[in-house]
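Read the structure below first, then the notes.
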Amino acid sequence: MSLDRTAAMNIAEVLTEALPYIQRFTGKTIVVKFGGNAMVDEELQNSFARDIVLMKLVGINPIVVHGGGPQIGELLEKLQIKSEFVDGMRVTDSATMDVVEMVLGASVNKQIVSLINNNGGQAIGITGKDGQLINARKLEVKRKTPGMNAPEIIDIGHVGEVSSINVGVIDMLINSHFIPVIAPIGVGKDGSTYNINADLVAGKIAEVLKAEKLVLLTNVAGLQDKQGQVLTGLSTEQVDGLIEDGTIYGGMLPKIQCALDAVKGGVTSAHIIDGRVDHAVLLEIFTDVGVGTLITNKRKTFA
């Protein structure tokens with residue numbers, strides 16, 4: 001079907017707007033955390049995959065880190081394994097860890113790899129255990145209540161935090177022109193397996209690679225002020241202020257803290273974007289408007 005002149009001009013305008021962004025980001029690394037609605041809605045899945053493939057085709061190096069909380073919860077329920085949470089983190093005993101590893105490392109990871117490959121890309125799926133990509137340590141959760149002299153240390157099982165990243169594994173894949181798809185499972189010094197928050201893994205990978213961007217897909221429009229307006233173009237100092245005055249709280253706080261730490265650690269900018277929007281990643285990276293919250297060390301930014 002042929003395009004009319006107006007539609008053709010609209011396409012030309014979009015491509016022209018994207019050109020300076022493509023020129024700027026060619027050869028750069030962008031780490032994308034894939035989760036939320038974008039991960040379970042079929043149309044949004046394919047939209048995301050095409051975004052990643054296009055980024056690779058124009059010379060950008062995308063790295064995908066994924067979660068899988070809903071899928072893990074669904075299988076645990078089928079297996080009649082009860083889930084408990086402490087401060088939003090799933091208590092992970094040995095039986096639960098087996099399920100986490102099966103879902104993240106096999107089922108979800110391979111689905112995303114197939115999704116990207118079916119949309120014209122070349123993706124390879126790995127977990128943090130492959131090549132000792134993610135070296136981890138047990139996460140200690142401390143909770144202090146009134147009347148306690150010292151905080152209580154709560155054991156939440158095989159939940160970890162990143163101690164180091166083996167950059168050589170990622171470089172090998174990027175240099176071979178593959179798109180890495182990483183499941184957030186780490187390995188301890190003693191060989192223990194750990195379930196790690198995907199946002200934290202994405203942030204740490206972006207930090208050690210000195211990535212151009214860290215992009216976190218969410219189920220909200222972005223960071224909002226107290227009047228419900230989406231905030232963007234924020235400096236790290238402004239974000240620190242929003243945390244102090246209580247604008248950022250609850251479930252958004254860990255995600256924002258992850259983005260903030262990455263930018264303070266050397267990532268050029270971090271983006272909290274609405275994964276419910278078709279082609280959210282491309283809109284945020286290649287257009288003037290974007291679809292979320294941008295955090296940067298620079299007070300004035302190009303993108």
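Dimensions of segment 165-219 along principal axes (Cα, Å, largest first)?
Computed over segment 165-219, the largest-to-smallest principal extents equal 33, 32, 18 Å.
In whole Å, what three semi-axes, largest first, describe the equivalent ellipsoid of the chain built from its Cα gyration tensor (square root of 5 times each eigenvalue)?
Result for the chain: semi-axes of 32, 24, 18 Å.
Work out, step by step, the length gained on full extension between Asp41 and Glu161: first 0.36 nm times the residue separation, then minus their alpha carbon distance; give nm to one decimal.
Length difference between fully extended and current span is 40.3 nm.
What is the packing order of peptides 253-259, 15-21, taking the mean over residues of other C-beta atoms within 10 Å and listing the highest first?
Output ranking for 253-259, 15-21: 253-259, 15-21.
Based on DSSP, what percent of beta bridges with both residues in the chain are antiparallel, to the nearest 5?
Values: 19 of 47 bridges.
The antiparallel fraction comes to roughly 40 percent.
What is the distance in Å between the Cα centres of segment 234-272 and segment 27-57?
Each part reduced to its Cα centre gives a spacing of 22 Å.
Could you order peptides 244-251, 101-108, 198-205, 85-92 by the average number of other Cβ atoms within 10 Å of their residues, highest first?
198-205, 101-108, 85-92, 244-251
Relative contact order for segment 217-283 using alpha-carbon pairs under 8 Å, separation at least 6, rounded to a whole percent?
Result for segment 217-283 is 45 percent.
In nm², what is the average projected area of the convex hull enclosing the Cα atoms of segment 170-303? Walk me through the intermediate numbers first.
Working: hull surface 38.3 nm².
In nm², the orientation-averaged hull projection of segment 170-303 is 9.6.
As an exercise, take the mean of 1/r over every pair of distinct alpha carbons in segment 223-272, invert it, and state the Kirkwood radius in angstroms.
11.0
Could you compute how fast segment 34-86 diffuses translationally, taking Rh as the Kirkwood radius over C-alpha pairs and applying Stokes-Einstein at 4 °C with viscosity 1.567 mPa s? Give it in µm² per second.
99
Every number here is computed from the coordinates shown, using simple stated rules; none is lab data. This structure is a prediction, so every number in the text was calculated from the model and none was measured. Glycine also receives a Cβ, built like all others from the backbone with ideal geometry; neighbour counts cover every protein chain displayed.
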